[in-house]
1. Please go through region 375-430 and pick out each residue that is out of contact with any His (no Cβ under 9 Å at 6 or more places or on another chain), hydrophobic (A, V, I, L, M, F, W, C) and in a loop (DSSP other than H, G, I, E, B).
2. Checking G588 against (1) assigned by TED's automatic domain parsing to the domain that holds P690; (2) without any contact (Cβ under 8 Å) to a residue 60 or more places away in the chain; (3) within 24 Å of the chain's Cα centre (by Cα), which single condition isn't satisfied?
3. Inside region 239-256, can you point out the residues that are within 10 Å of F217 (Cβ to Cβ) and in contact with a Pro (Cβ under 9 Å, 6 or more places away or on another chain)?
4. Considering each of P553, P539 in turn, give the residue that is out of contact with any strand residue (DSSP E or B) (no Cβ under 9 Å at 6 or more places or on another chain) and farther than 24 Å from L496 by Cα.
5. Starting from region 106-131, keep only residues that are surrounded by 17 or more Cβ atoms within 10 Å (Cβ to Cβ), then list their pairs with residues that are among the aliphatic types (A, V, I, L, M) and part of a loop (DSSP other than H, G, I, E, B) whose Cβ atoms are within a distance under 7 Å, requiring at least 6 positions of separation or different chains.
6. Within region 196-204, identify whether any single residue is in contact with a helix residue (DSSP H, G or I) (Cβ under 7 Å, 6 or more places away or on another chain), outside any strand (DSSP E or B) and aliphatic (A, V, I, L, M), and answer yes or no.
7. Against the condition in contact (Cβ under 8 Å) with a residue 60 or more places away in the chain, of a type in the set (K, R) and part of a strand (DSSP E or B), how does R271 come out, does it pass?
8. Mind checking which residues of region 596-650 are surrounded by fewer than 20 Cβ atoms within 10 Å (Cβ to Cβ) and small (G, A, S)?
Amino acid sequence: MQSVKTIFFFSSAALLCACGSGYNPPKIDRQALVERNSPEVTAFDKLASLSLGNGDFAFTVDATGLQTFPEFYATGVPLGTQSQWGWHSFPNVNGYTSGEALRDYDFRGRKEPYSVQTREHGRQQDAANYLRANPHRLHLGNIGLEITQDGRRVGMEDIENVRQRLDLWSGRVSSLFYVGGDSVAVSAAVHPARDAVAARISSPLIAKGSLGVNLRFAYPTGAHTDDGCDRTVPQKHKTEIVAVSDASLLLKRTLDSVTGYVSLTWSGKARVDLLEPHYYVVTPESDDFSFVCEFSAAPPAQPAGTADAAFEAAEQRWQSFWSNGGMVDFSKCTDPRAPELERRVALSQYLMAIQSAGVYPPQETGLTYNSWFGKFHLEMHWWHAAHFPLWQRDSLLERSMSWYERALPVAGAIAERQGFEGVRWMKMTDPSGEEAPSSVGSFLIWQQPHIIYLLELLYRNNPFPEFIEKYAHLVEQTADFMASFATCDETGKRYLLKGIIPAQETLKASETVNPPLELSYWRYALLVAQQWRERAGLPRNPRWDEVANNLSPLAARDGLYLASEDAVNTYSDVRFTSDHPAVLGAVGMLPMSSLVRKDYMENTLSWIWEHWNWDKTWGWDFPMVAMNAARMGNPEMAVAALLMDKRTNTYLVSGHNYQDERLRVYLPGNGGLLTAVAMMCAGWDGCTTPNPGFPKDGKWNVVWENLAPMP
């Protein structure tokens, strides 16, 4: 029986037509497209590391093709080795409990306990800080080259003529460089079904006894954002040899209550030496050397196989991935911006498949390095994953849906303690589903409808009763919370959303009323939930209809939509012109609704384009603007938004969306780009224009296959 990982790259949709317009493009040469966008590196650059992975495990390499210089890359795109199973908590010596992080708020005439951080010193703050930082994702260990010259370890300054390429078509990084006139060639790949790295190394230095492979391990830092490697406390963790032979090594890692295993098998004979605690070197005794290194929570039941077998499996998997699912070809476009857009799209497909397609919703930096302690943010799950069904890669999203099932009791407990029905999905969490305390995140609500939207996208590709039966209870309980959360105003004629921090997080929970994205999203999701009931043969829920049909219209003044109904001015206050221009998500992410006037939204888009503080934005803001512009009939602005020259819209050589010195990787930007491009090509329900998001000036002959329209 094939494992989930073994099959997760396969997809099966036939070519879909753009907006029902009879779009019939020429066939795309997929291999040529992928190969022309495979990234190349010619120097050591801490922002130019490259990653391999399979959705549940990723391994990031430097210019040598392995993780030889992790300290140099630590403040760039770090050389991470991360998995879905690798989590750690510092000992809870003070016995903190989740209840200690709660504080009561009154938004509706009753006490509602929220899990928060405070600025007040004391046990409540200490408990919140501990719970926020624990558990955190583990860096499993570095695998690097151990090169010596004249009795010393070679540094980056000794390495010359670097030539490195990530072959996207085969899922392989190939690196060539020189040390003192001797060549070193390294190829590496990640096994598609195991948390294992395979490598081949060829160099005259091997015969000279000057080249080997090192394994280095660190203790977690527990920091908010970093590579998770503290190498200054060797006494806090253990690395023990369980078994060793001429061709294999099994290590056991112990970090407080967490254990893991590292299994290394190689071709030919080699010697194993311990240079210092947690630092092992394997020195081969043959001219060429290949190995497979697997990381696991328990001793592997069987070996991961040979390096040749791993390379072959990786190549088959990636060729299958690229041969199926969606594809967009910009090579026939004459606009000079088109090649860069194609590069971003191709690399984003790869990155999302290795970083954001696992059994849990992904953290914002994926499996590369820790941000927000390695935890994942459910309000970002849409941005990570909505593109998968649109690009006909349903299984890459559906793999994480089972986590919501496991987290259901925790989400139900949150809703119950606050006096609501159904389940309230947390913002920042981990595999356990526990809510991370936050003075902002605990008041967000726009993650709530995401699961309904994502399941609806999956259903559109799989319109079968079995699918409804499998997920209907998640939709039902999610919608129950949404209906109970909406508050009827004093007139008894309209429903409000209040006591929240909206997607535009510069606003305050105590002041914000009826933010536009959340209002539109509430209506959309409740009406979709009704469709699910009808598909299941059930009557409509009267309460859901009452709320959806009586939600407040979007607040406006002078023909412009406000960031919140409580806004004193339209957008003159800096709070309303920074962070996410989330008002545009009300039509873009979402279809037009009765809550919105199209002319007001067009005015708002134009105003934001001219006046927004674009230097205070995030990577997914640009595709959000593009989707709004496309629906507003402004494809020129849609393309300009995707390629706006701003720091947070930078895409590195690897394809990663760079934000700033803290967030050098930001996968919601990549996912948002893919969602926007799918919509700009295939359109949305009711659209009749081919490629509606691209200008009709003759310069954007965009060719695509296997994309689905958005709702």
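The values are calculated or read from the model by the stated rules, or taken from the named source; none is laboratory data. Please read these numbers as outputs of a predicted model, since none were measured by experiment. In this analysis, Cβ positions are derived from the backbone assuming ideal geometry, glycine residues included, and neighbour counts consider all displayed protein chains.
1. Answer for region 375-430, where residues must be out of contact with any His (no Cβ under 9 Å at 6 or more places or on another chain), hydrophobic (A, V, I, L, M, F, W, C) and in a loop (DSSP other than H, G, I, E, B): W391, F420, V423, M426.
2. Only one criterion in (1) assigned by TED's automatic domain parsing to the domain that holds P690; (2) without any contact (Cβ under 8 Å) to a residue 60 or more places away in the chain; (3) within 24 Å of the chain's Cα centre (by Cα) is unmet by G588, namely (1).
3. Taking region 239-256 first, the residues within 10 Å of F217 (Cβ to Cβ) are 239, 251, 253, 255.
Across region 239-256, the qualifying residues are T239, L255.
4. P539
5. Hits for this filter: A128/V116; L131/A436.
6. no
7. no
8. Hits for region 596-650 are S606, G633, A640.
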